[in-house]
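*Asks:* Below is the structure I would like to discuss, written out as structure tokens.
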Amino acid sequence: MKIGIVGLGLIGGSLGLDLRRQGHQVYGVARRADTCAAAVMGGMVDGATTDLASLAAVEIVLICTPIAAIAPTVQALAPHLAADTIITDVGSVKGAVVQAVSPLWPRFVGGHPMAGKAEAGLAAAEADLFRQRPYGITPLETTDPDAIATVHALAESLGAQVFICTPEAHDRAVAWISHLPVMVSSSLIQACLQESDTPVRELAQHLASSGFRDTSRVGGGNPELGLMMARYNRAEILRSLRFYQKQLATLTDLIEQEQWETLTTLLRASHEARPGFVETDPKA
Ligand code: NAP
């Protein structure tokens with residue numbers, strides 16, 4: 001297939017590496033000429049330009065820009081494409097994106113590969129980023145089944161496990177397992193920085209090991225992505241943060257009142273529930 005990728009960063013570059021390896025012809029569009037040159041040099045694309053019109057002949061376009069740029073990009077791209085071209089995106093929020101883009105392009109299918117890294121940009125792109133990872137696809141009732149099937153097959157070809165759901169269900173679900181963790185993890189880092197005893201704070205930094213590395217990883221990631229999650233999935237992030245605040249208040253009360261048995265029950269319930277969320281995974 002001839003495939004276009006708009007936005008050659010971590011996700012766009014990683015997709016390009018995998019899709020080219022499968023034998024697809026991949027053409028990129030970036031804002032800057034030096035990004036285009038780097039993507040060709042890095043083997044992420046067969047060719048790249050700064051001109052959306054260069055994608056006129058592709059069969060499917062993957063929009064891999066930041067969330068705020070997805071709808072404006074589709075609007076600018078639409079006049080250059082053949083009517084049967086499929087457009088999909090990789091944005092981490094689906095309700096706002098699907099609502100804005102669907103009226104612009106009938107063969108649009110929302111998508112979200114659930115894989116990332118702390119680093120952003122093309123230099124962080126890597127092959128096999130999506131292997132054994134979930135991939136959400138969020139069609140509407142009106143979405144063309146052929147377009148859904150094509151995006152489904154493309155996601156599976158990356159080694160990802162596809163889940164089809166509504167944009168609303170996606171946004172509520174990812175608030176729990178992706179967007180809330182970013183906010184919680186960022187708050188953890190901020191709370192540690194509030195230690196006013198400088199030698200103790202520095203000692204904590206020296207003693208931090210795998211536990212802190214795990215719990216601070218997503219909070220120390222791309223700030224732009226965290227901001228976009230909060231702006232575009234605001235209602236669901238707020239809902240999950242309120243549940244989380246209640247949970248913290250419960251924990252605080254239990255510890256203040258030395259209710260060790262109840263605390264043990266709660267910690268045991270979390271220990272038993274975790275495998276339902278996270279399988280044992282050597283990549284994790
Ligand atoms: P990224 O590494 O910062 O890449 C985004 C790329 O888009 C940049 O390299 C930038 O390239 C380009 N870009 C920025 N603004 C643009 C604009 N207005 N028009 C056209 N291109 C623009 O970010 P990313 O992590 O790949 O995220 C891209 C998308 O993937 C986002 O929608 C995000 O929600 C989604 N996503 C991210 C993750 C993750 O964990 N990182 C996971 C799943 C999905 P130039 O600066 O060179 O132009």
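*Asks:* What number comes out for accessible area per residue over the chain if the probe is 1.4 Å? Units Å², please.
*Replies:* 55 Å²
*Asks:* Let me ask something else about it. Kindly rank 213-224, 92-103, 2-13, 119-130 from highest to lowest mean number of other beta carbons found within 10 Å of each residue.
*Replies:* My ranking of the peptides, most packed first, is 2-13, 92-103, 119-130, 213-224.
*Asks:* Please list the non-local residues whose amide H lies under 5 Å from the amide H of PHE163, H modeled 1.01 Å from N, same-chain partners needing a gap of 5 or more.
*Replies:* TYR135, GLY136, ILE137
*Asks:* Taking the Cβ of ALA68 as the centre, find all other residues whose Cβ is under 15 Å away and add up their charges (Lys, Arg: +1; Asp, Glu: -1).
*Replies:* On the way: positive: ARG31, LYS94, ARG231, ARG234; negative: ASP89, GLU224.
Here the charged neighbours net out to +2.
*Asks:* Also, quick follow-up: Rounded to the nearest percent, how much of the accessible area of the chain (1.4 Å probe, protein heavy atoms only) is carbon and sulfur? Provide the component values of the computation, followed by the final result.
*Replies:* Numbers: 8720 of 15510 Å².
Percent of accessible area from carbon and sulfur atoms in the chain: 56.
*Asks:* Sticking with this structure for a sec: Please state the shape class of segment 26-149: rounded when a/c is under 1.5, otherwise prolate if a/b exceeds b/c and oblate if not, all from the C-alpha gyration tensor.
*Replies:* Cα axes put segment 26-149 in the oblate bin.
*Asks:* Any chance you could check the Cα centroid distance between segment 88-135 and segment 178-224 for me, in angstrom?
*Replies:* So the two Cα centres are separated by 27 Å.
*Asks:* If amide H atoms are built 1.01 Å from N in the plane of the peptide, which residues on other chains or at least 5 residues away come under 5 Å of the amide H of ALA48?
*Replies:* GLY28
*Asks:* For GLU168 and ASP46, what does the FRET efficiency come to when R0 = 41 Å and r is the distance between their Cβ atoms, rounded to the nearest 0.05?
*Replies:* Working: r = 37 Å, r/R0 = 0.91.
The formula returns an efficiency of 0.65 here.
*Asks:* With a cut-off of 8 Å between alpha carbons and a minimum separation of six or more residues, what is the relative contact order of the chain in percent?
*Replies:* This gives 15 percent for the chain.
*Asks:* Using alpha carbons only, how many degrees (0 to 90, rounded to 10) separate the axis of helix 67-77 from the longest principal axis of the chain?
*Replies:* Taking Cα atoms only, the helix is inclined about 10 degrees.
*Asks:* Take the Cβ-Cβ distance between THR265 and LEU238 as r, set R0 to 25 Å, and report the resulting FRET efficiency rounded to the nearest 0.05.
*Replies:* Computed FRET efficiency for THR265 and LEU238: 0.30.
*Asks:* For the residue pair LEU203 and GLU279, what label-to-label distance in nm results when each label sits 7 Å from Cα along the Cα-to-beta-carbon direction?
*Replies:* 4.3 nm
*Asks:* What residues qualify as long-range amide H neighbours of GLU195, i.e. H under 5 Å apart, gap of 5 or more or another chain, H built at 1.01 Å from N?
*Replies:* Sorted by chain and number, the residues that satisfy this come to none at all.
*Asks:* Take peptides 179-189, 195-205 and line them up by average Cβ neighbours within 10 Å, highest first, as a rough protection proxy.
*Replies:* 179-189, 195-205
*Asks:* Report the Rg/Rh value for the chain, based on alpha-carbon coordinates and the Kirkwood definition of Rh.
*Replies:* 1.03
*Asks:* Rounded to the nearest 5, what is the percent of antiparallel bridges among the DSSP beta bridges in the chain? If you can, show how the numbers build up before the last one.
*Replies:* Numbers: 4 of 26 bridges.
Counting only bridges with both partners in the chain, antiparallel ones make up about 15 percent.
*Asks:* Below 8 Å, C-alpha to C-alpha, sequence gap of six or more: please give me the relative contact order for segment 2-165 in percent.
*Replies:* Reported relative contact order: 22 percent.
*Asks:* Taking a 1.4 Å probe, which of TRP176, TRP105 shows the most accessible area, and what order do the others take after it?
*Replies:* Result of the area sort, largest leading: TRP176, TRP105.
The values are calculated or read from the model by the stated rules, or taken from the named source; none is laboratory data. As the structure is a computational prediction, the values presented were derived from the model and not from experiment. With ideal geometry, Cβ positions are generated from the backbone for all residues, glycine too; neighbour counts draw on all protein chains shown. Please note that ligands, DNA and RNA were not included when accessible areas were found on the heavy atoms of the full protein model with its side chains. Shrake-Rupley method; radii C 1.70, N 1.55, O 1.52, S 1.80 Å.
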